[in-house]
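Beneath this line is the structure, given in structure tokens, with notes to follow.
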Amino acid sequence: MAWNTNLRWRLPLTCLLLQVAMVVLFGVFVRYDPDADAHWMEEKGPGNLSSDLDNEFYYRYPSFQDVHVMIFVGFGFLMTFLQRYGYSSVGFNFLLAAFGIQWALLMQGWFHSFHDGYIFVGVENLINADFCVGSVCVAFGAILGKVSPVQLLIMTLFQVTLFSVNEFILLSLLGVKDAGGSMTIHTFGAYFGLTVTWTLYRPNLYQSKEREGPVYQSDLFAMIGTLFLWMYWPSFNSAVSNHGDAQHRAAINTYCSLAACVLTAVAMSSALQKKGKLDMVHIQNATLAGGVAVGTAAEMMLMPYGSLIVGFICGIVSTLGFVYLTAALWVL
Amino acid sequence: MAWNTNLRWRLPLTCLLLQVAMVVLFGVFVRYDPDADAHWMEEKGPGNLSSDLDNEFYYRYPSFQDVHVMIFVGFGFLMTFLQRYGYSSVGFNFLLAAFGIQWALLMQGWFHSFHDGYIFVGVENLINADFCVGSVCVAFGAILGKVSPVQLLIMTLFQVTLFSVNEFILLSLLGVKDAGGSMTIHTFGAYFGLTVTWTLYRPNLYQSKEREGPVYQSDLFAMIGTLFLWMYWPSFNSAVSNHGDAQHRAAINTYCSLAACVLTAVAMSSALQKKGKLDMVHIQNATLAGGVAVGTAAEMMLMPYGSLIVGFICGIVSTLGFVYLTAALWVL
Amino acid sequence: MAWNTNLRWRLPLTCLLLQVAMVVLFGVFVRYDPDADAHWMEEKGPGNLSSDLDNEFYYRYPSFQDVHVMIFVGFGFLMTFLQRYGYSSVGFNFLLAAFGIQWALLMQGWFHSFHDGYIFVGVENLINADFCVGSVCVAFGAILGKVSPVQLLIMTLFQVTLFSVNEFILLSLLGVKDAGGSMTIHTFGAYFGLTVTWTLYRPNLYQSKEREGPVYQSDLFAMIGTLFLWMYWPSFNSAVSNHGDAQHRAAINTYCSLAACVLTAVAMSSALQKKGKLDMVHIQNATLAGGVAVGTAAEMMLMPYGSLIVGFICGIVSTLGFVYLTAALWVL
């Protein structure tokens, strides 16, 4: 986290500049969604309790907080098993996500919530911004320890922009069917491309490091990240689904897929390792893979056994892929 | 976590076999609950926002996620104060719970949600499956460090089965009055029997271990487990209560009982120890005891002071029991 | 945590005495809020699903659980970066908060929910009790390592009392306009006064300590506290807001302020330090400052850019204040 004295002003100036830009752009473009606006009740007619409950807030807010925990604690702690980078992992993730959600609110707003010259922001926008930043967090895992905070902020700026453009092209121009409520975009636009980077880079970082000493503690910290991602993934996949049965079904499907994924990942992990030990990194990969794989289709009538099959395959493929791609890279 | 090379294939094969069995059984038996089914809106008549809100999902999902955190982070980290077993504690707990919830969905489904040859699964089933696995997690605490992952999976298979049979006998055959919505079963069927095992076994494990070195860190990890159990216990006790005031009341009663429990457990703990130090294990026991004790009656008109009295007594009894039973075992 | 043998009975007796007093006072004064009372449905007319949803429980409970996590995990782990006091931090915070919420239910109840000789307790009271205890947790941070558990309990007794009296004077006697739903009181009554204490005291404690050794782990634990406070602050500021758009808006405003705060705090922190390293204590201060500053006005039509500006300024002022006040104290 230290750098050359000549570069000392780079981080402060970058942060301030970006934040000033955000303030100006928010001032020009961002307003409250009608559901969060004080004029809401007047528009909806005479206020009564049941119309208060119709507020999007009550449908989405609990899921939003779960997703928020996934981004900041889940992804933040996921990389703490890399002993030397534990603190950077959490701190830098915090910084890039705090900037990323602001920029994502703007970018996604321009493409999807732009009316009469304004972006109208409600709880669903907050969730989508968190989603977008999630893809940056995944990419961040691949380059942890190789980049400065300034580079991370710039990477976030570009990646959020590309993510939003890609989302716009797929959804609005190509008319891709995204049953899972913008899940298509996540899977294809972000994870599909990024997990490649992840798989390719992380092993080097991982194996080049001596993992002695308090590695035991580091693993426990990483388990905090893994578990919060795993536990809250049903909220992630159901957060922006349609109201009612769709949201309900997306949560059940994700729950099933994730459970199946754990067992097959453990099976593959212990079968492939000579020492017969469970490698937490495999569990982590499987966790993400299981949640992401069912994401696109989470809202569909996939049936619980369908979700189990998705999880079953994902746990195997993800662990196999990780082990053999790592081995291949190691030989080269 | 290492074992004989001859046994190397046992874990992978057990995991794969169990997961294939789950896929097949889910395929034959498990379907979505009407609230999670795409035909839901048609059956309920013309869709409108207020009928979306009637979906069980909005009544139960936030509580479900809290219970989910209790099972995976709460019970997972509870045992990390055992320095040598910290990582196993979290990892094995993850494995057994991921299998357990699938098997519990089936077993509890056959007994309670079985109609026309199918089990209909909704968010309430997910909560009940988590509850059932909670009892396995408690038992797991008693045998941590003495069993292999394969043995754990088999133990989970049997315990979930027995739990469900016991639940069926009490509720459906004997017609036991369970005001707390299946809390009776938990308390009597699972914890009553299992806390005995816990109390008897854990002390040995605990005291036979040298706790030097980074014990400080281990205690902090264990506090994560303890706190998430303590904080979310009101959700645990209210998660499957009746809608409205019953759910509200169950949360308040549990909140009161848990708060009282902490003070009396601290009092007993510091009174009984020569060193006058607070022993975290006492706090942990008291936490569980306070939540469990009020569980059966959480939904009743117990009155806030009634809950305080329950917590008061529990904190004392649980700490006394722990200290003297431990001492007795130590002499033998 | 050890003390003189003569003083050995002080903690047990104080705990038991306080808890007995709580039981008696709850028995005389505390009853369920109508929303949590079994007679609720009868009073509201024939039961139907939509009246169940009108229960305050469904508007407030998810936010309550988030606030609960902030008090026990957030504030508990915030101070764990002080290596020697890590375990005390979490444990003592647990003890004082468990007592504090009971006493706050009574004190705030007498002033605000007292009808016909009874205090009627519902989920909103639980949230307000947690808020009140939050101010004690902040003050606790200032004196950590200097006081015994007994002194902490007595401090809690006095501070909760003063907090409630101050709240009553501001709200009921002076008729202060508190748009943010009792946020005024928090900010002015508690944090405004207490952050002074915090800023003045903590530096000494902080710098007088050698932070070698497992400081890396301690920082990660402290990040758990910081992140849970930061992530759940939108729930804190919206928990007791009016239903519907007000609650929605309070969450959005807090989200924006917190995000902006992180960037300017990082900017200031790295600009002011010769080593150019990010100091987590600055981030922690900024976190709290950003959340508190927007608290009073969170419910108002502040506009997203208004919230960004609040966060922007807070991040700068809070970090500057911390660095220079610390330096000033260091010279003296």
Check the range B:45-56 and report whether any residue there is of a type in the set (S, T, N, Q), at pLDDT below 90 and buried (at least 17 other Cβ atoms within 10 Å of the Cβ).
-> yes
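Okay, residues lined up against (1) in a helix (DSSP H, G or I); (2) facing chain B (nearest Cβ under 10 Å); (3) surrounded by 24 or more Cβ atoms within 10 Å (Cβ to Cβ); (4) free of Cβ contacts under 8 Å to residues at least 24 places away in the same chain:
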| site | (1), (2), (3), (4) |
| --- | --- |
| C:Tyr59 | yes, no, yes, no |
| C:Ser63 | yes, yes, yes, no |
| C:His68 | yes, yes, yes, no |
| C:Phe77 | yes, yes, yes, no |
| C:Val90 | yes, yes, yes, yes |
| C:Leu95 | yes, yes, no, no |
| C:Phe111 | yes, no, no, no |
Matching residues in the range B:238-259 - criterion: being more than 7 Å from chain C (Cβ to nearest Cβ) and under 28 Å from B:Tyr324 (Cβ atoms) = B:Thr254, B:Cys256, B:Ser257, B:Leu258
Quick check: is even one residue across the range C:260-269 under 21 Å from A:Leu126 (Cα atoms) and more than 7 Å from chain A (Cβ to nearest Cβ)?
-> yes
Given C:Val138, C:Val165, C:Val150, C:Val176, which one is modelled with pLDDT under 80, surrounded by fewer than 19 Cβ atoms within 10 Å (Cβ to Cβ) and assigned by TED's automatic domain parsing to the domain that holds C:Phe64?
-> C:Val176
Determine if the range A:26-34 includes at least one residue that is crowded, with 22+ Cβ neighbours inside 10 Å, facing chain C (nearest Cβ under 7 Å), touching a strand residue (DSSP E or B) at 6+ places or on another chain (Cβ under 6 Å) and at pLDDT 85 or above.
-> yes
Residue check for A:Leu288: buried (at least 24 other Cβ atoms within 10 Å of the Cβ) and within 25 Å of A:Thr80 (Cβ to Cβ) | yes
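The values are calculated or read from the model by the stated rules, or taken from the named source; none is laboratory data. All of these numbers come straight from a predicted model, not from anything done at the bench. All Cβ positions, even for glycine, are placed from backbone atoms using ideal geometry, and neighbour counts span all protein chains on display.
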